[in-house]
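First up is the structure itself, then whatever we jot down about it.
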Amino acid sequence: MRNGVRGALAGVVAAAVALGLAEFVAVFTGARSAPLVAVGGVVVDHVPEPLKQFAIDVFGTHDKTALLVGTVVLLAAFAALIGWLAVRNIWFGVAGIAIFGLVGVAAAVTRPDAGAGAAVPSLLGAAVAGLVLWRLLAGPAEPGDSADRRRFLTNVAVVAGVAAVSGLGGRWLATRRTVTEARRAVRLPVPASPAPAVPSGSDLSLTQLAPYVTSNRDFYRIDTALVLPQVDPASWTLRIHGRVRNPVTLTFDQLLARPMVERYVTLACVSNEVGGDLIGNARWLGVPLKELLEEAQPLEGADQVVGRSADGWTCGTPTAVLLDGRDALLAVGMNGEPLPIQHGFPARMVVPGLYGYVSACKWITELELTSFADFDAYWVPRGWSAQGPIKTESRIDTPRSRNNLSAGPVTVAGVAWAQHRGIRKVEVRVDGGPWQEATLARSVSIDTWVQWSWRWEATSGKHRLQVRATDATGYVQTEEERPPAPDGATGWHSVDVEVG
Ligand SMILES: Nc1nc2c(c(=O)[nH]1)N[C@H]1C(S)=C(S)[C@@H](COP(=O)(O)O)O[C@H]1N2
Ligand SMILES: [Mo]
């Protein structure tokens, strides 16, 4: 075996065992202290906006998996290079590993929620990797010495085995230490104010049309968390503090003991492109944020409520919006279940009419009253607006461009939304012709989206279908095409179809 190949192989297994052991140790020091997750977290927090949007566009909600896989591939390449250099001089190898170890340590200890042991996984991983590299490459290889070669490959296999066992073992232990059991044990109270019944006819039940109520399983997920925060309701508290007369701290039991409100609210992501699916409608159970804030008594000038999560993410919501009487909730239930872990268990905010990035804090642990002048929430320094009211939008769900259509009647249908204003009208046009009014289905309230449908007498050939909505304030959805940043995409959704 050539010395270069030998070095590269040694480098890769040394890196693998470092990551595997770190993964295992991180079960005890916190999932976000594992070097991959810590470095990935730093990348997520600092990646330039266009690159982030690109990742969301290409990988959708798999953007995080793509980041982790990409990091592993890059790391393997660097590890091979370090091993290759180490053959020339072992100190190159040691120095290379030390640098990677320090990067891991630096990332882990600077994460917002870093615990005392955050440096341990990277330190231990780097130490073992250094030792492994040194042992594997100790002594010059004899060209053509097959016993030596066999010994080397055996050692490589053993190290790879240790890497796999510790890494997979760590993963397995981590999945056993989730709050899944604690979540299952939660008994949600019966709402003092139940959600209105979904009127019949709200859901047209068409195959390609998004159902009126989105199931928890199908509900979109957007957040910066590379590993899901596991927040134990037994030790959870919500602290309402900052510019308040009367700071309040609530335990989960105290929260559940309060009278609860249940409401349908459609949540939407500001990153949603025109025609995109980062939107969903669920039945949320929770305590009105207005009541909690009024107990805390915001002081004069506290015009922003900052929601802060267990993993240090923040959003900033206008205090006035939370007090204006809309059904803004500190939610604990989603569609009749405790919040799924990925949707914020044990508690999150839900505010009708505002994009999620300014209002929907998951895994929430704090509400801090401050002002917009004094504090920028997570996405604001990254180029997004401090204010994020949801824009009036509409989408065509059926037909889709790949459908085989034949001439004659075709049902065109979709959803439209303008949360907390309500939808007054939806119109469709074909090939830039006159706008034709669609039929609106019923909906529970102005805080949810609404389905619409329109019967089209399709003629053969290629056609362009377009939709626009008018909200209850009379505002007509703009044709102007704008990207999601800084405060939500605009433009009309178009679908090009071919009728046979
Ligand atoms: N802790 C935390 N909460 C968060 C986010 C986040 O990154 N971290 N993202 C927000 C954004 S941008 C959106 S659109 C909604 C999405 O909520 P969902 O994942 O339950 O659909 O969560 C919001 N709450
Ligand atoms: Mo979002």
key: Failed criterion for Ala225 (all others in (1) outside the structural domain of Leu339 (by TED's automatic domain parsing); (2) open to solvent by 20 Å² or more (accessible area, probe 1.4 Å) hold)   = (2)
Single residue of Gly144, Gly167 found to be assigned by TED's automatic domain parsing to the domain that holds Leu19 and touching an Asp or Glu at 6+ places or on another chain (Cβ under 7 Å) = Gly167
note = Pairing a residue in the range 219-237 that is closer than 12 Å to Thr365 by Cα with any residue that is open to solvent by 20 Å² or more (accessible area, probe 1.4 Å) and among the small types (Gly, Ala, Ser), where Cβ atoms lie under 8 Å and the two sit 6 or more apart in sequence or on different chains, gives Pro229/Ala310; Val231/Ala310; Asp232/Ala182; Pro233/Ala182
key: Extreme residue, farthest from Gly488 (Cα to Cα), among residues of the range 325-354 that are open to solvent by 10 Å² or more (accessible area, probe 1.4 Å) and assigned to a loop (DSSP other than H, G, I, E, B)   = Gly336
key: Selection count where residues are within 13 Å of ligand 2 (Cβ to nearest atom) and within 20 Å of Arg326 (Cα to Cα), scope the range 271-297   = 2
task = Sort through Arg177, Arg171, Arg187 and tell me the only one that's open to solvent by 50 Å² or more (accessible area, probe 1.4 Å), at pLDDT 95 or above, within 30 Å of Ala310 (Cβ to Cβ) and not hydrophobic (A, V, I, L, M, F, W, C).
result = Arg187
request  = State whether one or more residues within the range 304-320 are more than 16 Å from ligand 2 (Cβ to nearest atom) and under 18 Å from Pro259 (Cβ atoms).
outcome  = no
task = Being part of a loop (DSSP other than H, G, I, E, B), of a type in the set (A, V, I, L, M) and open to solvent by 50 Å² or more (accessible area, probe 1.4 Å) is the filter here, so list the residues in the range 100-137 that pass it.
result = Ala116
remark   = If you go through Ser394, Ser385, the only one that is touching a Phe, Trp or Tyr at 6+ places or on another chain (Cβ under 9 Å), open to solvent by 10 Å² or more (accessible area, probe 1.4 Å) and among the polar types (S, T, N, Q) is Ser385
inquiry  = Please verify whether Ala79 is of a type in the set (A, V, I, L, M), in a helix (DSSP H, G or I) and modelled with pLDDT of 90 or more, treating the condition exactly as stated.
reply    = yes
ask   = If Tyr378 satisfies every condition in (1) buried (at least 24 other Cβ atoms within 10 Å of the Cβ); (2) over 15 Å from Leu293 (Cβ atoms) but one, which is the exception?
value = (1)
inquiry  = Any residue in the range 307-336 that is within 24 Å of Gln230 (Cα to Cα) and among the β-branched types (Val, Ile, Thr) sitting within a Cβ distance under 8 Å of a residue that is open to solvent by less than 10 Å² (accessible area, probe 1.4 Å) and within 16 Å of ligand 2 (Cβ to nearest atom)? List the pairs, counting only those 6 or more apart or interchain.
reply    = Thr314/Gly307; Thr314/Cys361; Thr314/Ala377
ask   = Since Arg308 meets every condition but one in (1) open to solvent by less than 40 Å² (accessible area, probe 1.4 Å); (2) more than 23 Å from Val198 (Cβ to Cβ); (3) within 11 Å of ligand 1 (Cβ to nearest atom), which condition does it not meet?
value = (1)
query = How do the pairs read when you match residues in the range 1-23 that are farther than 17 Å from Val73 by Cα with residues anywhere that are of a type in the set (Ser, Thr, Tyr), using Cβ under 6 Å and keeping only pairs 6 or more apart or on different chains?
reply = Leu21/Ser166
message = I need every pair where a residue in the range 144-171 that is more than 12 Å from Leu9 (Cα to Cα) has its Cβ under 8 Å from the Cβ of a residue that is surrounded by 15 or more Cβ atoms within 10 Å (Cβ to Cβ) and among the aromatic types (Phe, Trp, Tyr), sequence separation at least 6 or different chains.
response = Ser166/Phe24; Gly167/Phe24; Gly169/Phe24; Gly170/Phe24
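The values are calculated or read from the model by the stated rules, or taken from the named source; none is laboratory data. As the structure is a computational prediction, the values presented were derived from the model and not from experiment. With ideal geometry, Cβ positions are generated from the backbone for all residues, glycine too; neighbour counts draw on all protein chains shown. Note: areas computed on protein heavy atoms with side chains; ligands, DNA, RNA excluded. Shrake-Rupley method; radii C 1.70, N 1.55, O 1.52, S 1.80 Å.
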